[in-house]
Amino acid sequence: MRTLLLSVAMTIGLAAGPALAGDTPAPEGAAVYFVNIEDGATVTSPVTVIFGLSGMGVAPAGTEKENTGHHHVLVDRPPFGEGPEDEEMSESGLFSDDNHRHFGGGQTEVSLELEPGEHTLQLVLGDQNHVPHDPPVTSEQITITVE
């Protein structure tokens, strides 16, 4: 049904460019951020990453509750909105692979095993279906060095 609605919207000109958000609204000022690491940090593996969220609440995937979502960490990929798969993820949900880590249980931190070297990290909040909110709630992408 969603594909049919998207096709109709595109046909009548309502979708005039790549959509990078789903249908679930995000409140104005909502933000995700890294609590314990910052851009340029040098760390050791495993890297503990604590997720911060303001203006919204955390809820497990599948929970339909206004102004909530769950965390995803993008690892070693372009910032959200610049990746070739981002438009598809905005329609069908964020992928789950080595570059797209899901925390659908409502987790607010993770211990990541990362190889030595430079790595990029970015947080993206997903709705009950793993789809980014409208507008997307994302952190800045940071670069860390693992020794």
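Here, each number is a calculation from the coordinates, and none is a lab measurement. These numbers come from a predicted model, not from an experiment. Note: ideal-geometry Cβ built from the backbone for every residue, glycine included; neighbour counts use all protein chains shown.
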*asked:* So, in the range 35-57, how many residues would count as being polar (S, T, N, Q) and more than 24 Å from Pro136 (Cα to Cα)?
replied: 4
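Right, Val73: more than 23 Å from Glu28 (Cα to Cα) and in contact with a strand residue (DSSP E or B) (Cβ under 6 Å, 6 or more places away or on another chain) or not? It would help to see each step written out before you state the result.
Details: more than 23 Å from Glu28 (Cα to Cα): no; in contact with a strand residue (DSSP E or B) (Cβ under 6 Å, 6 or more places away or on another chain): yes.
No, not satisfied.
Would you pick out the residues in the range 60-75 that are of a type outside the set (Val, Ile, Thr) and closer than 14 Å to Val124 by Cα?
Quick first cut of the range 60-75, residues of a type outside the set (Val, Ile, Thr) only: 60-62, 64-67, 69-72, 74.
Within the range 60-75, Ala61, Gly69, His70, His71, His72, Leu74 meet the criteria.
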*Number of the exception - Val75 against (1) over 12 Å from the mean Cα position of the chain (by Cα); (2) over 20 Å from Asp23 (Cα atoms); (3) of a type outside the set (Lys, Arg)*: (1)
_Among the numbered criteria (1) without any contact (Cβ under 8 Å) to a residue 40 or more places away in the chain; (2) closer than 17 Å to Phe34 by Cβ; (3) among the small types (Gly, Ala, Ser), which one does Ser111 miss?_
(1)
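Is it true that Gly69 is surrounded by fewer than 19 Cβ atoms within 10 Å (Cβ to Cβ), out of contact with any helix residue (DSSP H, G or I) (no Cβ under 8 Å at 6 or more places or on another chain), small (Gly, Ala, Ser) and in contact (Cβ under 8 Å) with a residue 12 or more places away in the chain? Lay out the reasoning, then the answer.
Values: surrounded by fewer than 19 Cβ atoms within 10 Å (Cβ to Cβ): no; out of contact with any helix residue (DSSP H, G or I) (no Cβ under 8 Å at 6 or more places or on another chain): yes; small (Gly, Ala, Ser): yes; in contact (Cβ under 8 Å) with a residue 12 or more places away in the chain: yes.
The answer is no for Gly69.
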